[in-house]
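Structure first, then comments.
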Amino acid sequence: MDSILSKLGEAVEFGKVDKNSPYPPNMKGQDGADELAKEALDSGVAPTSVLTDALVPAMDRVGQKFSENKIFVPQMLMSAKAMGAAMAHLKPFFASGDVKTKGTFIIGTVKGDLHDIGKNLVAMMVEGGGWTIVDLGVDVNEDTFNNTLAEHPGAFVGLSALLTTTMANMEEIVQKIKEVHPGTKVLIGGAPLNDDFREKIGADFYAPDPRGAVEYLNTCVA
Ligand code: B1M
């Protein structure tokens with residue numbers, strides 16, 4: 001079990017997407033994140049363990065190496081692709097929740113920010129918690145959030161940001177949402193955020209992880 005998770009972690013860390021992927025050259029012909037995630041799940045490893053014991057620590061190592069200038073954006077991108085290939089196998093497990101009757105959750109990564117792995121995980125898990133998801137993708141501005149809210153009155157909104165520069169954009173988005181659709185609950189998350197920041201920008205809730213997002217949403221409709 002440990003060995004498959006460590007191989008999967010390495011595949012993500014070094015950006016080996018699948019067996020046919022020519023990158024990285026020294027892993028040519030080896031299984032990639034696609035095959036290894038499937039193998040882990042088929043052999044009975046819990047989906048949450050695949051995520052928390054292999055995928056997330058691998059991305060942390062990638063971030064660490066990037067900070068130390070040991071790798072650059074193209075390598076980070078390959079790791080993100082490998083992570084995406086593994087996450088595709090997790091989705092059916094996290095998205096197999098109740099009938100979707102709890103409400104609608106609109107989620108997007110805020111304008112200027114292209115990071116979507118954490119946002120996708122939150123979307124997956126909230127969907128698994130019985131919510132209908134409207135995923136607006138990345139680089140989303142206030143108008144898109146407001147237009148989508150007009151189509152889904154009463155929906156909850158989730159904003160994700162991974163950059164200290166783009167977290168600043170959340171304030172304007174929250175203000176415009178509250179101006180156009182008063183009473184809308186806005187939940188924020190992403191590595192550089194915290195609850196003090198949430199308070200400062202007038203959002204309703206800060207969730208450090210997908211579980212926090214699901215719990216908050218569920219308490220809103222309990
Ligand atoms: Co970027 N990047 N990146 N990057 N990248 C970081 C964030 C960075 C910390 C790396 C570093 O320097 N150590 C750094 C930010 C520094 C800062 O602002 N302080 C950084 C930088 C600098 C950049 C660029 C500026 C690099 C450049 O071009 N010079 C550039 C910016 C592009 C842009 O967005 N405009 C850039 C680009 C990229 C790639 C495109 C190559 C790629 C993203 C690909 C993709 O997402 N499809 C990438 C990656 C992969 C990373 C790291 C390595 C990994 C991010 C990730 O996916 N983590 C990252 C370093 C790191 O995080 N260790 C880094 C795994 C994911 C599961 O965690 O997203 O935190 P996370 O989500 C968590 C929680 O935060 C939370 O739940 C998730 C699960 O636990 N959460 C929410 C997230 N959203 C939530 C919403 C919620 C609730 C919880 O409710 C709504």
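A few remarks follow.
- Just one of the listed residues (V138, V110, V126) is assigned by TED's automatic domain parsing to the domain that holds P208, of a type in the set (V, I, T), closer than 29 Å to I177 by Cα and touching a Phe, Trp or Tyr at 6+ places or on another chain (Cβ under 8 Å), and it is V126.
- Each residue in the stretch 146-160 was checked for being within 11 Å of the ligand (Cβ to nearest atom) and over 17 Å from R211 (Cα atoms), and 0 pass.
- Number of residues in the stretch 136-145 that are more than 9 Å from the ligand (Cβ to nearest atom) and in a loop (DSSP other than H, G, I, E, B): the value is 3.
Residue by residue, here is whether (1) modelled with pLDDT under 95; (2) in a helix (DSSP H, G or I) holds:
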residue	(1), (2)
T148	no, yes
P153	no, no
I188	no, no
N218	yes, yes
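- Residues that are surrounded by 14 or more Cβ atoms within 10 Å (Cβ to Cβ) and within 9 Å of the ligand (Cβ to nearest atom) number at least 2 in the following helices (runs of 4 or more DSSP H) confined to the stretch 19-135: 56-67, 73-94, 117-128.
- For the stretch 192-222, filtered to residues that are basic (K, R) and farther than 15 Å from G129 by Cα, the residue that is farthest from the ligand (Cβ to nearest atom) is K200.
- Of all residues in the stretch 161-175, those satisfying the criterion of being more than 17 Å from the chain's Cα centre (by Cα), touching a residue at least 24 places away in the same chain (Cβ under 8 Å) and more than 8 Å from the ligand (Cβ to nearest atom) are N169, E171, E172, I173, V174, Q175.
The values are calculated or read from the model by the stated rules, or taken from the named source; none is laboratory data. Only a predicted model underlies this, so the values are computations on that prediction, with no experimental measurement involved. Positions of Cβ are backbone-derived with ideal geometry, glycine not excepted, and every protein chain shown enters the neighbour counts.
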